[in-house]
Structures are given as structure tokens and as C-alpha cells.
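To start, the structure itself, in C-alpha cells.
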Amino acid sequence: MENSKNFKVNQPFIMVIFGATGDLAKNKLIPALFSMFKNGMLPDKFFIIGFSRRNLSDEHFRGYFTQESKDPGWEDFTKHLFYQDGSFEDDKGYLELSEKLKVIDSQIGACVTRFYYLATPPDYDEAILDSLVKTKLSEGCGYPSEDFGKGSWTRIVIEKPFGKDLETARSLDKKLGEIFDERQIFRVDHYLGKETVQNMLAFRFANGIFEPVWNKNFIDHVQITFAEKGGIGNRGRFFDGVGELRDIAQNHLMQLLAAVAMESPKSFTKEDLRDARAKVIASLRCDQKDSVVKGQYQGYLNEENVSSDSQTETFVAMKLFVDTPKFEGVPFYVRAGKDMPEHVIEISVVFIQTCHILFKEYGCPEIGNVITFRIQPDEGINLRFIAKTPGVKLGLDSVDMKFNYKESFGTRGLEAYEKILLDIFFGDQMLFSRSDELESSWRLITDILRNWEEEKTPIKTYTRGSWGVKEADALIEKDGRKWLI
Ligand code: BG6
């Protein structure tokens, strides 16, 4: 990609990936790093050290990423991959890692910039942080100086879910704050790095024509669908006990919702943007009763590493409100599920239907204007409006005006994890969650979790490859609306 070449990381770095044999490293992090390597965005000297429990040699670790191995350039890339085995709770692996880092420092002749990437389930995060402190790995190249960001630095990256509920998220955040300066902490929600999510802000705030109608006077409701085709595959160890509410709703859905409902930030700068997102999430309300449904796809209990009586939800749908003057009373229907009929992640802003005012007798389509942000696949934006059908008599139908990223720009842009990694290298925290955003979203999600527990809400099953439990349809249909997909 042409313009990404301007973003070459120009100093040597070490990236330690905790949980390096997990799904995230395999499917997202290593492919993103490899793509950056091929596009000339990485420096000549960089070291990626995988840290995991399995006993692997560097060679074995390199052979772990079979999907990339046929690509020319892969072999050169793998020269930058190393491995350290160790238990997350035991100092031994960390001390050995520390020795490896010292060897790299002495090869380069300086303390090398480093970051620790916790691609681990939330249960391990605190133990890893404790061990980093105990073995002094957290000190890295020293604490930030006045000219923070210049010279060598140490950063800590925490993948979502950040904690398992409000209490654990607070405790994790407290610990992080005790060890690192806020400018060293990167709380990842990779949906913030998606081109289309960033583009929503450009769409809303760079164009003068949409913002005047972006409020409760014109918007009837908003729908967000986060549907993934296929079940959890081999991710049972991570997913079981976590569930869709924590895996998707607490983070990705909240951020998508914030992009729709935020006020214009004071400026396009890190803290103003985070303030605007945080305000939306803090204003979210869910009237528990009849507003949340959950489900589990049939056959989930037979998935690998899933407990045979698991109550973990693979589908969740909610009706939420954003209690701000702009959106007061506008329902946000959101749903997320595994093993859905299609892979589609989409936001639809549905406007109040006015067609009937003049054209009542001419057969107004059920839905009038809808702006749809397609996050994936086929990233783009769609505007649905009503047009006269051809012919002598007046007839009306819905038509679409489409913008597709690939067609317009010849590229889909950067993969979310490439953007996320670049921002970590450059120290830009704008697309990373701040504590208050997480605190508010966990408050909402924890209330739902608590309610499920107190009410002993049973889990209902849905057919694989369907749109989830039928109660999700009822959730929106009882308000006289229906899901658009
Ligand atoms: C992750 C979730 O954060 O996002 C996964 O843990 C989900 O369950 C994934 O599949 C979806 O991300 P993407 O970028 O593939 O749409």
C-alpha cells in the first residue's frame, strides 16, 4: 500500500507476545506483522518473541504459522521470530526472557525499545503483570523521561476483554496504573482500528449534510448486527465461560455504538475523541427486563474444550438507550452471535419515515431512509432512499446509493491490527480505550451478567446457521420494527 510506506517504524524494537501460540497471534498479530514487513513498514532490526506454555524451539515456533509459510518473504520474516516457553505464573520463563532481551540489547549496543503484548485470556493478565514487575522486565529501558516517546521506550498492550467484569477490570486497571505511566498503556479494541469505523467519524463530521439530521428528531432507531459465520472452532478454551456478551458486546459493540452516537469531539485529538466516546458509553441504559436475550447454538456443548453443561452464550441481543439530549428515546437494537447464516458486521441508522405525509395512497415502502455502515465484508456505506418507479402511474420503491471502499480507493486500507500495531509503535493512543470507557461499558455488562445470575436465566438454544433465538426477533418486533438483515 502506497501511503503506508510513509509509516515505516524506524527504530529497532522487541515485541514480546504472551499467549503466542493462541488464536490471536496466529490469525491476527503475526499476519499483520508479516504484511507490514512485506510492505517495508518494519525496521531492519526487530525481534518478535513468542511467550507461551508449550515447549517449542524457535524453529518449531516459526513452523507454527503454516498459513503464511508459502508466501515468498516468509522465510526472511521468520528470522525475526523467536520463542520463550514459560508458565505465566512462574518466574523461570520471565528470567530466561530477560536474559534474551539483554543479549539483544548488547547486540544492538543500546537498550532496545520493547513492548509486551498480552494476547492472553483475562484470567492471566494480572499474573503476567506481577511477574513482569518481579523480574524487573516492566522497567524495560527505564521510566519515561520528559521527552516521552523519543528514544527507547517500554509499552504494555492488553487485549480485550479487559477483565471479566467491573471488579476485575478495575483491579487490572489499578495494577497497570501502579506499574506503568498511562502513556505506556495500550488497551486494545481492534474494532477502533477498522477503516470503516474510523470512516464513520469522517462521514459524520467532515460532511455538513448529515449532522443536522443525526438526532432523535430524525432518527427512528439504530440497528447493529455483529454476525459471525461458523462456531467457535478451536477457541473453546478462551470462549467458554467468557461468552458473547464479554467477547463482543462489552467492547466491539460499545465502540460501534459510540461511533454512531457520539457528539462532535472538540477537536480531532486523542483526549477529545476519547472524551466523546466515553460520554456515549457512560450514557448507555438497558432496562433489563425484556431487553436482553441470550442463546447458545445447538452443538456448542460438543465443541472442544467446552464444559458439557456450559451455560455460556454464543448469541446476545439487546435493546439499549443512549441518554443524551441528542439520542434520548431512540432505541439501539444490537445483536452479536456466532454460527449465524452470514458473516456480516453492519450498522444501520434508520430514519423516521415521512413518505406517507404526501404519498400515503401510493404504496410507501415499509422503510424509508437508512444509512448503513458496512464494517465487513465489502466495507462501505449505503444510503437507502425512496424513488419513483418508472411508468405512467406514480409508484414508489426503495433504492440504494452505494460507496464501496475497494471500488473507490482501489484498496481496503490497512488491516485493523496493522493500524493498531503502527499506533503502538508511534505512541498514538487515540484508537485505544481509556479506563473510563471500559469502566462504563463494564458497569452495563456486569449488571446484565448479575441479572442473569440472580434470575437464573436459562440459556435457550438456536439452530446452527440461524439468526439466533426467536426472542431476538420479538425484542424488536414488539416495538413494530424488524431487523433489516
Ligand atoms: C475478537 C473476538 O475480538 O473479534 C472474536 O474475540 C471475533 O470472537 C473477532 O471472532 C472478530 O474480529 P474480526 O476482525 O475478524 O472481525
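The values are calculated or read from the model by the stated rules, or taken from the named source; none is laboratory data. Computed from a predicted structure; not experimentally measured. With ideal geometry, Cβ positions are generated from the backbone for all residues, glycine too; neighbour counts draw on all protein chains shown.
Going through ASP220, ASP147 one at a time, which residue ends up being at pLDDT 95 or above and more than 23 Å from GLY86 (Cβ to Cβ)?
ASP220
Suppose we filter the range 306-321 for residues that are charged (D, E, K, R) and over 16 Å from LYS482 (Cα atoms); how many remain?
Adding up the residues that qualify gives 2.
Answer with yes or no whether THR324 is in the same structural domain as GLU439 (by TED's automatic domain parsing), surrounded by 17 or more Cβ atoms within 10 Å (Cβ to Cβ) and away from the ligand (no atom under 16 Å from the Cβ).
Against the criterion (in the same structural domain as GLU439 (by TED's automatic domain parsing), surrounded by 17 or more Cβ atoms within 10 Å (Cβ to Cβ) and away from the ligand (no atom under 16 Å from the Cβ)), THR324 qualifies.
Can you name the condition, by its number, that PHE51 falls short on among (1) under 21 Å from PHE238 (Cα atoms); (2) modelled with pLDDT under 95?
So PHE51 meets the others, but not (2).
Over 23 Å from SER152 (Cα atoms), under 27 Å from the mean Cα position of the chain (by Cα) and among the acidic types (Asp, Glu) - does that describe any residue in the range 105-124?
Yes, the conditions are met somewhere in the range 105-124.
So for the range 363-371 (the condition being assigned by TED's automatic domain parsing to the domain that holds GLU471, buried (at least 20 other Cβ atoms within 10 Å of the Cβ) and touching a residue at least 40 places away in the same chain (Cβ under 8 Å)), does at least one residue qualify?
yes
Considering (1) assigned to a loop (DSSP other than H, G, I, E, B); (2) within 12 Å of the ligand (Cβ to nearest atom); (3) closer than 29 Å to ILE476 by Cα, say which one GLY241 fails and leave the rest.
Of everything listed in (1) assigned to a loop (DSSP other than H, G, I, E, B); (2) within 12 Å of the ligand (Cβ to nearest atom); (3) closer than 29 Å to ILE476 by Cα, GLY241 misses just condition (2).
Going by the conditions given, is GLU418 in a helix (DSSP H, G or I), within 16 Å of the ligand (Cβ to nearest atom) and out of contact with any His (no Cβ under 6 Å at 6 or more places or on another chain)?
So GLU418 fits the description; yes.
Is there a residue in the range 246-267 that is over 22 Å from the mean Cα position of the chain (by Cα), touching a residue at least 24 places away in the same chain (Cβ under 8 Å) and crowded, with 18+ Cβ neighbours inside 10 Å?
No: zero hits.
Quick one: in the range 389-411, which of the residues that are more than 20 Å from ILE224 (Cβ to Cβ) and in contact with a helix residue (DSSP H, G or I) (Cβ under 9 Å, 6 or more places away or on another chain) is surrounded by the most Cβ atoms within 10 Å (Cβ to Cβ)?
Result: LEU396.
Any chance you could count how many residues in the range 360-396 are outside any loop (DSSP other than H, G, I, E, B), away from the ligand (no atom under 16 Å from the Cβ) and at pLDDT below 95?
Residues meeting the conditions: 3.
Is it the case that ALA20 is small (Gly, Ala, Ser), within 16 Å of the ligand (Cβ to nearest atom) and either surrounded by fewer than 16 Cβ atoms within 10 Å (Cβ to Cβ) or in the same structural domain as ILE108 (by TED's automatic domain parsing) (or both)?
Judged against the criteria, ALA20 is not a match.
Sort through LEU201, LEU129 and tell me the only one that's more than 30 Å from SER57 (Cβ to Cβ), within 25 Å of the chain's Cα centre (by Cα) and either within 16 Å of the ligand (Cβ to nearest atom) or not in a loop (DSSP other than H, G, I, E, B) (or both).
LEU201
Search the range 42-88 for residues being in contact with a Ser or Thr (Cβ under 9 Å, 6 or more places away or on another chain) and among the hydroxyl-bearing types (Ser, Thr, Tyr), and hand back the single one that is nearest to GLN11 (Cα to Cα).
THR78
Starting from residues that are near the ligand (Cβ under 10 Å from one of its atoms) and part of a loop (DSSP other than H, G, I, E, B), keep the ones in the range 209-238 and report whichever is farthest from VAL322 (Cα to Cα).
GLY233
List pairs: first in the range 26-50 and in the same structural domain as LYS70 (by TED's automatic domain parsing) and away from the ligand (no atom under 16 Å from the Cβ), second among the basic types (Lys, Arg) and at pLDDT 95 or above, Cβ under 8 Å, 6+ apart or cross-chain?
Every condition considered, the pairs that remain are ILE49/LYS100.
Looking only at the range 24-67, how many residues end up being out of contact with any strand residue (DSSP E or B) (no Cβ under 9 Å at 6 or more places or on another chain) and either crowded, with 17+ Cβ neighbours inside 10 Å or among the basic types (Lys, Arg) (or both)?
Within the range 24-67, residues that are out of contact with any strand residue (DSSP E or B) (no Cβ under 9 Å at 6 or more places or on another chain) and either crowded, with 17+ Cβ neighbours inside 10 Å or among the basic types (Lys, Arg) (or both) number 9.
Quick check on GLN255: is it within 16 Å of the ligand (Cβ to nearest atom), at pLDDT 95 or above and not in a strand (DSSP E or B)?
Criteria met by GLN255.
Filter the range 178-198 down to residues that are without any contact (Cβ under 8 Å) to a residue 40 or more places away in the chain and either within 15 Å of the ligand (Cβ to nearest atom) or assigned to a helix (DSSP H, G or I) (or both) and give me whichever is nearest to PHE373 (Cα to Cα).
Selected residue: GLU182.
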